Amino acid sequence: MSSDALSHDELMQEIGNAGREWSTATVLFHTALAERFGLNLTDWKCAELVSRERMTAGQLATYTGLTTGAITGVIDRLEQARFARRVPDAQDRRKVMIEALHERDEEVARLFGPLLQKMATLMAQYSDAELAFMLTFMRQSIEITIQAKDELNQ
């Protein structure tokens, strides 16, 4: 049955199902990547967060909802795997910042390469207007998901 033949309620149900399947596929892909580097999924995603922005261990704990003790272990493993390091804050030497190392960027890029190429081929099938719609939907979905995560962590 094509999506054109589905009712609104059926489309909503199918979008929900597809979202769950995509989420699971994404988690399993990232778990497989993490294991390639001797990390667990939480460590891997914390490395990704730190790659986007330097932050303190406390900021990382707040963002993830993990305890500061758990974050200490995460950072230890990220240092051991050469994904991040602790550095003194230039403005406040009492603070320690967690910053990304880039020693393994090429290795990571090679592993992501096939997926990114296939996604680029997929996205090339859509018009700019369709891509803009998808981008808006994704950004709003991210916001909603982060809010739901924050509510669970309260």
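Each value in this text was obtained by applying a stated rule to the coordinates, not by laboratory testing. Everything numeric in this text was worked out from a predicted model, so none of it was measured. Neighbour counts run over all protein chains shown; Cβ positions are idealised from the backbone, glycine included.
Worth a mention:
Yes/no per residue for (1) surrounded by fewer than 16 Cβ atoms within 10 Å (Cβ to Cβ); (2) of a type in the set (Phe, Trp, Tyr); (3) assigned to a helix (DSSP H, G or I):
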| site | (1), (2), (3) |
| --- | --- |
| 59 | no, no, yes |
| 63 | no, yes, yes |
| 66 | no, no, no |
| 69 | yes, no, yes |
| 77 | no, no, yes |
| 86 | yes, no, no |
| 91 | yes, no, no |
| 98 | no, no, no |
| 109 | yes, no, yes |
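- Filter pass, residue 38 being surrounded by fewer than 12 Cβ atoms within 10 Å (Cβ to Cβ), out of contact with any Asp or Glu (no Cβ under 8 Å at 6 or more places or on another chain), touching a residue at least 40 places away in the same chain (Cβ under 8 Å) and among the small types (Gly, Ala, Ser): yes
- Segment 114-142 residues that are more than 16 Å from residue 22 (Cβ to Cβ), paired with ones that are surrounded by 10 or more Cβ atoms within 10 Å (Cβ to Cβ) and among the hydrophobic types (A, V, I, L, M, F, W, C) (beta carbon under 8 Å, 6 or more apart): 126/134; 131/123
- Qualifying residue in segment 103-115 (condition: on the phi < 0 side of the Ramachandran plot and more than 19 Å from the chain's Cα centre (by Cα)): yes
- Checking residue 38 against (1) in a helix (DSSP H, G or I); (2) within 29 Å of residue 106 (Cβ to Cβ), the condition it does not meet: (1)
- When we screen 121, 72 for residues that are more than 18 Å from residue 41 (Cα to Cα), among the hydroxyl-bearing types (Ser, Thr, Tyr) and out of contact with any Ser or Thr (no Cβ under 6 Å at 6 or more places or on another chain), the only hit is 121.
- For segment 95-113, filtering for residues that are in contact (Cβ under 8 Å) with a residue 60 or more places away in the chain and among the small types (Gly, Ala, Ser) leaves 0.
- Residue in segment 1-9 that is more than 27 Å from residue 149 (Cα to Cα), among the charged types (D, E, K, R) and part of a helix (DSSP H, G or I) present: yes
- Unmet criterion (only one of (1) out of contact with any Asp or Glu (no Cβ under 8 Å at 6 or more places or on another chain); (2) within 24 Å of residue 68 (Cβ to Cβ)) for residue 50: (1)
- Segment 111-123 - residue that is of a type in the set (A, V, I, L, M) and closer than 14 Å to residue 32 by Cα and, of those, surrounded by the most Cβ atoms within 10 Å (Cβ to Cβ): 111
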